[in-house]
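The values are calculated or read from the model by the stated rules, or taken from the named source; none is laboratory data. Predicted, not measured: the structure shown is a model, and the values here were computed from it. As a convention, Cβ positions derive from the backbone with ideal geometry for all residues, glycine included, and neighbour counts pool all protein chains shown. Protein only, heavy atoms only, side chains kept; ligands, DNA and RNA dropped before computing areas. Shrake-Rupley method; radii C 1.70, N 1.55, O 1.52, S 1.80 Å.
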Amino acid sequence: MDRKDEIREFLISRRAKITPEQAGIPRFGELRRVPGLRREEVAQLAGVSTDYYTRLERGNLRGASDPVLEAVATALQLDQAERQHLMDLARSTHTPPRRGPLRPAQQRVRPGVMRLLDGMTGVAATVQNGRSDVLAANLLGRALYAPVLSSPASPGADVPERRPNQARYLFLDPGAGDFYPDWPTIAATTVAMLRLEAGRNPHDRALNELIGELATHSGLFSALWAGHDVRIHTEGTKRFHHPVAGDLSLHYETLDLPGDEGQTLFTFTAEPGSSSANALAFLASWAVSPPQPSTAGDAADGSPGLGQRPHAQPETHNTGKNGPSHE
């Protein structure tokens, strides 16, 4: 999508979500054609002229100051992720156009981070980038995410050297609905995170290719992408239906790695004494029994990385549950 179109669609979609009542604007019994705010109402709330806001909504953010953008964000009641996305979109208008999309170098996980992962016992941990590529995982992380890591859809068709990718698995593997009982919520969150990453790194060729691939092969992805929602992943609870350990409800925390731009550490833990804690402990004991490496990624120092370290890569099997249709 053209950058101006991206800005226009984002602002229009946010304006449509704010009702006059939410904005404190009285209706006086008038009938409105749309439930959201009008352009002139947003302009009034932001303290700018209607003509100026109309120019912004048409995708022309060049020259817009941070205070003006903050005023627009406040008028539209944007949350933290939406504000960041608006600032990213504005920043991209000041960046000279490139001759072609940027293909980033293969992301490596530093040996120190690998040792940190391996030192986490009783915790499932992975390192991912903004495209939702799984760059590394500890033993329990690989056991927990075995359906993702072993899925033929995860790295993409006929591209064995590519990293396992959470988004590909979610939208292109029919078994994703079995593994994630809350698949609709997780799918929407994943798309919102990719949309935020696209605003932050618009010239990332690998990201653009991923979005194009998913939009081509998944109607549900396309529908969610058209919503222009963005989200920051920090912490919460995620449910799994694991083919070996059964049902787990795990709390996750995310930690950005400042020394490795774009890399995020995800950790998953269970409430002590819960059935999920028992299931996670069982999964940990099962994971060490069959040493069966997978085939993705290297560490920064050239030592074996994700799936190539001497840890188990569990096999998955069909649980008999029906996942959602992703088309």
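A few notes on this one:
- Relative protection proxy for 139-148, 67-76, from highest mean packing down: 139-148, 67-76 (other beta-carbon atoms within 10 angstrom).
- Distance (nanometres) between label positions extended 7 Å along Cα→Cβ at Met120 and His241: 2.6 nm
- Among Thr126, Thr254, Thr234, the sequence by solvent-accessible area, most first, with a 1.4 Å probe is Thr234, Thr254, Thr126.
- Region 234-281, relative contact order in percent, only Cα pairs under 8 angstrom and at least six apart counted: 32 percent
- Largest-first ordering by accessible area, 1.4 Å probe, given options Asp2, Asp204: Asp2, Asp204
- Surface composition of region 161-216: carbon and sulfur atoms hold 55% of the protein heavy-atom accessible area at a 1.4 Å probe.
- On a per residue basis, region 12-86 carries 56 Å² of accessible surface, using protein heavy atoms and a 1.4 Å probe.
- Heavy-atom accessible area, probed at 1.4 angstrom with all protein chains present, ranks Thr237, Thr50 as Thr237, Thr50, highest first.
- Estimated at the nearest 10 Å², the accessible area of Ser275 is 90 Å² with a 1.4 Å probe.
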